[in-house]
Amino acid sequence: MTDYNLENSCLEQEKCSDLKKLISEIPPDNSLYDMSEILKAISDPLRLKIIYLLKNEELCGCHIDSALDKPQSTISHHLTILKKSNLVNWRKEGKWTFFSLINPELIDQIENIAKIKEE
């Protein structure tokens, strides 16, 4: 993380100590990067629809294609993004691939974030 130079700032010494404490509580850059990747992954409406479909059960990719009436290649692209962000599990069974949420509470967490806007 960047080492901030507060000595040349306009802050009073007491405020400077408070700010240093706040700065020390910022997660490391790699953690912030991981968080931003997750937020980017869930920021797409189609990916949110996929997450909602997977809320209660594991589904085959072909069922997701059919439910959302989108081409297989489009769904595959979005599932890859969700997999890379560690939001979705997958397993092969013969020629079929099944998907499920790693964290079933993901939708509740997303909805809690969205409620901030409503308040």
Would you mind getting me the FRET efficiency between Ile38 and Trp96? Use the beta-carbon distance for r and R0 = 22 Å, nearest 0.05.
-> 0.25
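Can you tell me what the convex hull of the Cα atoms of region 42-118 projects to on average, as an area in nm²? Could you put the intermediate results ahead of the total?
Working: hull surface 20.5 nm².
With every direction weighted equally, the projected area is 5.1 nm².
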Which ³J(HN,Hα) values, rounded to whole Hz and listed in residue order, are derived for region 77-82 from phi using the Karplus coefficients 6.51, -1.76 and 1.60 in 6.51 cos²θ - 1.76 cosθ + 1.60 with θ = phi - 60°, glycine and proline given as x?
-> 4, 5, 5, 4, 5, 5
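Please compute the net charge surrounding Trp90, taking Lys and Arg as +1 and Asp and Glu as -1 over other residues with Cβ under 15 Å from its Cβ. Walk me through the numbers on the way to the answer.
Details: positive: Arg47, Lys83, Lys84, Arg91, Lys92, Lys95; negative: Glu57, Glu58, Asp65, Glu93.
Around Trp90, the charge tally is +2.
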Spin-label point model (7 Å from Cα, Cβ direction): what's the Glu58 to Thr74 distance in nm?
-> 2.7 nm
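Every number in this text was worked out from the coordinates using simple rules, so none of it is lab data. Here the structure is a predicted model, which is why all the values come from computation and not from measurement. Methodologically, a virtual Cβ is constructed for each residue, glycine included, from the backbone with ideal geometry; neighbour enumeration extends over all protein chains shown.
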